[in-house]
Amino acid sequence: MSAKIIDGKSVSLGIRQKIKQYVKEFTANYGFEPGLAVVLAGDDGASKVYVKNKIKGCEETGIKSFAYYLPENVSQKEIIYLINTLNGDDKVHGILVQLPLPRGIDEEEVLSHIDYKKDVDGFHAVNTGNLLLGRDTIYPCTPSGCIVLLKYEGIQIEGKHAVVVGRSNIVGKPLALMLLKENATVTICHSKTKNLKEICRSADILCAAVGRAKFITADMVSEGCAVIDIGMNRLDGKLCGDVDFDNVKEKASFITPVPGGVGPMTITMLLSNTLKAAKTQCAK
Ligand code: NDP
């Protein structure tokens, strides 16, 4: 069997078209656009590219972006002051603080100041708690993108055994909770897991969020498994996932490539979250 390769780029483009239409309707209804504030502190090259792409995504869909570029030596107090100002700004419906923040700044403390209704990254404790309770909330972007891809391809989640390798607060844990919300039976694996290979082989849906190039090999995957590769690693100067794509694709039923799989979905989900947050805040 050779897997169907899930084209995240094309799915993402289709969703952005829909978001553009909904943004148009929102703007006609309220007389202003949904607004996203993006805060970048420091000179990190990769962060600059992410921020540029987020702003570009806003432009493409009609969302108004407000960019704040802060110097590397900005203080924690100054960032929190800016967040508090943005919390009180009616034209700003979403606030995104690009991570990592400069050394010495407590990221958790900074993020905790974002009004949870404007937390379009879905990292705030209130949104995380709502996710744990199975309530509708603002979901973290990358895990959201994975669920959308599974549904788009018509891959059944309910009743299936989903294995998530990785338990970070931004990918692994929320993804596991979202799969649980979709009624999968979920196993979370991490660096202390015993018998990882056997557990992975028992998966109907295998999600890799490890951060190690080609970590999931063909002998860890059963025939017909749907494989979602979240990893973004550099190998010999090239972008590469956590899954040994060339060999695993011969066994899987579906597989996401890197690049072009989950990656393009992340910013699209951010735009979707911004629209959702704007609607929630403006609903009377
Ligand atoms: P983290 O480093 O925060 O987490 C990695 C997880 O993998 C940890 O839970 C760790 O376990 C687990 N792990 C490490 N080694 C092993 C092992 N040998 N066996 C089993 N589990 C292991 O990474 P993130 O969750 O932030 O990111 C994961 C990957 O996803 C990265 O490649 C990152 O670049 C990518 N990513 C992609 C995004 C996208 O838009 N496509 C967005 C965000 C991330 P333990 O907890 O025990 O240490």
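Only the coordinates and a few stated rules stand behind these numbers; no lab work does. Keep in mind that this is a model prediction, so the values were computed, not measured. No Cβ is skipped: glycine too gets one built from the backbone with ideal geometry, and neighbour counts run over all protein chains shown.
Quick notes
- Student exercise, the stretch 220-283 dipole from Lys, Arg, Asp, Glu Cβ charges, in Debye to nearest 20: 440 debye
- Remark: spin-label model distance Glu223-Leu132 equals 4.2 nm, labels positioned 7 Å along the Cα→Cβ axis.
- Where both bridge residues fall in the chain, DSSP classifies roughly 10% of the beta bridges as antiparallel.
- Neighbours of Glu153 by Cβ distance under 10 Å: Lys/Arg scored +1, Asp/Glu scored -1, total +1.
- Count, lysine Cα pairs under 18 Å in the stretch 31-115, 8 or more residues apart or across chains: 6
- For the chain, the longest principal axis of the Cα atoms and the long axis of helix 141-152 meet at an angle of about 50 degrees.
- Computed magnitude of the charge dipole of the stretch 141-263 (debye, nearest 20; Cβ of K, R +1, Cβ of D, E -1): 440 debye
- Positive end of the dipole of the stretch 43-160 (Cβ unit charges, origin at the Cα centre): among Ser112, Gly159, His93, the Cα lying farthest that way belongs to Gly159.
- Cross-link pairs beyond the 31 Å C-alpha cut-off, checked among Lys192/Lys238; Lys238/Lys276; Lys181/Lys214: Lys238/Lys276
- Orientation-averaged projection of the stretch 31-115 equals 5.3 nm² [convex hull of Cα atoms, one quarter of hull surface area].
- Dipole moment magnitude, nearest 20 debye, the chain about Cα centre, only Lys, Arg, Asp, Glu C-beta charged: 380 debye
- Projected onto its three principal axes, the C-alpha set of the chain covers 52, 42, 36 Å, listed from the longest axis down.
- Rounded if a/c under 1.5, otherwise prolate or oblate - the stretch 218-284, Cα gyration tensor axes: oblate
- Summed residue charge, Cβ within 11 Å of Asp89's Cβ, Lys/Arg positive, Asp/Glu negative: 0
- Helix 8-30 axis, angle to the chain major axis (alpha carbon atoms, nearest 10°): 30 degrees
- Nearby aspartates and glutamates by direct alpha-carbon distance to Lys118 (threshold 13 angstrom, same-chain neighbours under 8 apart not counted): Asp89, Asp90
- The stretch 141-263: antiparallel DSSP beta bridges as a percent of all, rounded to 5: 15 percent
- Normalised by the number of residues in the stretch 1-133, the mean separation of alpha-carbon contacts (under 8 Å, six or more apart) gives a relative contact order of 25 percent.
- All other residues whose Cβ lies under 14 angstrom from that of Val11 are scored, Lys and Arg at +1 and Asp and Glu at -1, for a net of +3.
- Maximal additional length on extending the Glu78-Ala46 stretch stands at 9.2 nm, based on 0.36 nm per residue less the C-alpha distance.
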